[in-house]
Every structure is written in C-alpha cells, then in structure tokens.
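Any read-out appearing in this document is the output of simple, stated calculations on the displayed coordinates, not a laboratory observation. All figures in this text were calculated on a predicted structure; none of them were measured in a lab. Because the Cβ atoms are built from the backbone with ideal geometry, glycine has one as well, and the counts that use them run over all protein chains shown.
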Amino acid sequence: MEKFKLWEPKTQPDILGNDGSFGNIEWDYPTFVEKIYEPLRRKYPDYIKRHSIGFDTSGEYEMWAYEFAPENYTKTIYIQSGVHVIETDAYFGLARVLTMIANREDERLSKVRDNVRFLVVPVVSIWGISKRGGYEEMMSKDRYNFSHNAAHVNANRDFFELKAKETVNVINFIEKYSKDICFAIDCHSTTDVVLGAYLLPYSDGMPESIANKLKHINSELYKKHPTEIPNLFMGEEKYYPTGALTSTYNAGITKKFGIFALTIEHNDYIYDKKLGTSLAMTLSVELIGNHLIQISEDEEFIKTDCL
C-alpha cells in the first residue's frame, strides 16, 4: 500500500469569539450559517450553492445543505457534522477546512477544490445547537446530556428509526444524490476521556484495502500527538443498538444506499480539556483535512457507478 503523506495545516484560530477568532462557540445555528457559510457562498457563487432540506422536528429552524461543486469534478463526497451539540470543534473544524479549500490555501487543497464536489450538511442537530445554552453550560455537561432535537433522541443512533425530522432531512438529501456519492463522512469530536485519542468507526464490510488506508491516517496522527489513551478502530456496525460506541450513521448509509461511510473523531479533551481552543481547532482541521485529501486523491474511493 502506498503510504499517504500527512497534510500539515498551519496553527488554526480559536472559536472563542475573540479578535482573530474563526467564530464563536456560543453561536446558534442560524448565526453560524450566516456568519460562516453564507459569506463563503457569496464570495464564490459559481462554486457554492445552498439547498433547503426541510425544517427541524420542532418546525422552528430551517435546515441547510451546501454544495461545493467545481465545474469538472470527478467524484462526489457527502460530509456532515454537528450531530452532537457539544462537539463544536468538529462542525467549526469542517467549516474551516471547507473555507481553506474554497480559498485554495495551499497546493493540495487547491487540487481538491478542482476535482471534488462536496455535499455538506454543516450541522445535523440544529435545534440542539440553538437551544443548548452558553459555553459554561456546555463545559459542565457531556454531549449525551443535551437534547439534540425536539424529539429528544440521539441523532447518532437515529439513522434506522428516523424519529427526528433532522435525520429524515439528511437521508432524503443523500438519497437525491446517492447514485453520485462515492463516500460519506460524519465529523465528530469528543470530550470523553474514556474514548480513543482518534476514533474511527467505519461501515461493516468496507474493503480491507480502503479501511487500512483510513487507519493509516489515524495512526500517523496518533504518532504525531501521542497520549496514553489508544486509538480505536471499529468496523463492525452489526451490534446496533446495544453497541454503545457504534453509530447507525455508518450502517444506515451503507445499508440504504450502498455508500461506504466513515465517522472520524478526535479527542480534544485529552489534549487541553477545553472546547474551541486554537489547539482543538488545529487538531480538528488536521483530522478532517487529511481524510478529505486522502479520499479525494485516491481513486480507490470511487464507486463503480460513480462519475
């Protein structure tokens, strides 16, 4: 297997609402998309489009998906974040990576911009992010003690039952483009010390050659940022719903559409025990960016019926 060379992002700004911050950890969902995604769409109207994909379970918030589509793209990747409302580093990290790609901030990202269409749901749990309260409340709870939606279900487990309208919206959006989507990614971060330093659940049945390439990225990142907590690689989704660590996202997307799916997650807690810091954002950008580059550059990540 040809070894993937890690992409090394520069140190990233925090999301604590300071001068020079990329954003503010306390923004609700409408403010987040208006401050981050909409300026980018207005800057690159020929490259970025947005789609309304429905309202949340409460009917209060309209849910948006974004399409980053170069003129001559060769593959399509679906990517989402914000399933858990406390995982701010993940959904801001994804937004930061997409901003860097749109702005062609280095040579490898520029190649991704030219060749890959991204279909993006920036935040899944839009009600939860808007209703959760401020930074101090977030730091006093773990991600499971927030209501992620008005149905009060964990969206990470909802890709079979579809109890939350937010999950239904995501499934319907993916279905619309399912013949073109080559790969699907769910971005997370964790503040739970018991979980791995880098967590990699992936679809059961994923070809070993692909799984090994993804494991290689996480292993190299772990070597770069070693801790006493190990990596976790999980390729079995069949134990749902009793498997506490498995996500129905991976299994649901693969079973419904034949698309291999991946959950990527870094543990910001074990590195600085805070949300939204420059270090946490740098780790998130590094994790998300390297997976997007690997999947974008490697032709093995194209389905046989893909473009």
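Values for this structure:
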read-out: Nearby lysines by direct alpha-carbon distance to Lys176 (threshold 17 angstrom, same-chain neighbours under 8 apart not counted); value: Lys49, Lys75, Lys165, Lys255, Lys256, Lys303
read-out: Radius 12 Å from Cβ of Lys165, net charge of other residues (Lys, Arg +1; Asp, Glu -1); value: -4
read-out: For the chain, size of Cβ-based charge dipole, Lys and Arg +1, Asp and Glu -1, in debye; value: 360 debye
read-out: Cα-based convex hull, the chain, per residue volume (Å³, whole number); value: 120 Å³
read-out: Approximate spin-label separation Glu228-Glu300, in nm, with each point projected 7 Å along Cα-to-Cβ; value: 3.6 nm
read-out: Linear extension gain, Ser52 paired with Asp28, 0.36 nm per residue minus alpha-carbon span; value: 6.9 nm
read-out: Note, ³J(HN,Hα) from phi for the range 45-53, Karplus 6.51, -1.76, 1.60, rounded to Hz, x at Gly and Pro; value: x, 7, 9, 10, 10, 10, 10, 6, 10
read-out: Calculated from backbone phi, Karplus (6.51, -1.76, 1.60) coupling profile of the range 30-37 in Hz, x at Gly/Pro; value: x, 5, 4, 5, 6, 8, 10, 7
read-out: ³J(HN,Hα), Karplus 6.51/-1.76/1.60, whole Hz, each residue of the range 222-234, x for Gly, Pro; value: 5, 5, 6, 10, x, 9, 7, 8, x, 5, 10, 10, 9
read-out: CD proxy at 222 nm, helix term only [per DSSP H run n ≥ 4: -39500 (n - 2.57); per residue of the chain; nearest 500]; value: -10500 deg cm²/dmol
read-out: Phe183 long-range amide H proximity, modeled H, under 5 Å; value: Tyr78
read-out: Partner lysines for Lys215 [C-alpha distance under 18 Å; skip if fewer than 8 residues away on the same chain]; value: Lys3, Lys5, Lys223, Lys224
read-out: Relative packing of peptides 68-75, 43-50, 278-285, 201-208 - highest average C-beta neighbours within 10 Å first; value: 278-285, 201-208, 68-75, 43-50
read-out: Distance between modelled label sites at Glu136 and Glu8, nm, 7 Å Cα→Cβ extension; value: 4.1 nm
read-out: Candidates Thr57, Thr190, Thr88: whichever shows maximal mean-square fluctuation once the chain is modelled as a Gaussian network with Cα springs under 10 Å; value: Thr57
read-out: Interchain or long-range residues, amide H under 5 Å from Asp204's placed H; value: Glu237
read-out: Length released on extending from Tyr177 to Ser110, taking residue separation times 0.36 nm less the Cα-Cα span; value: 21.7 nm
read-out: Contact order relative to length of the range 29-301, as percent, for alpha carbon pairs under 8 angstrom and 6 or more apart; value: 22 percent
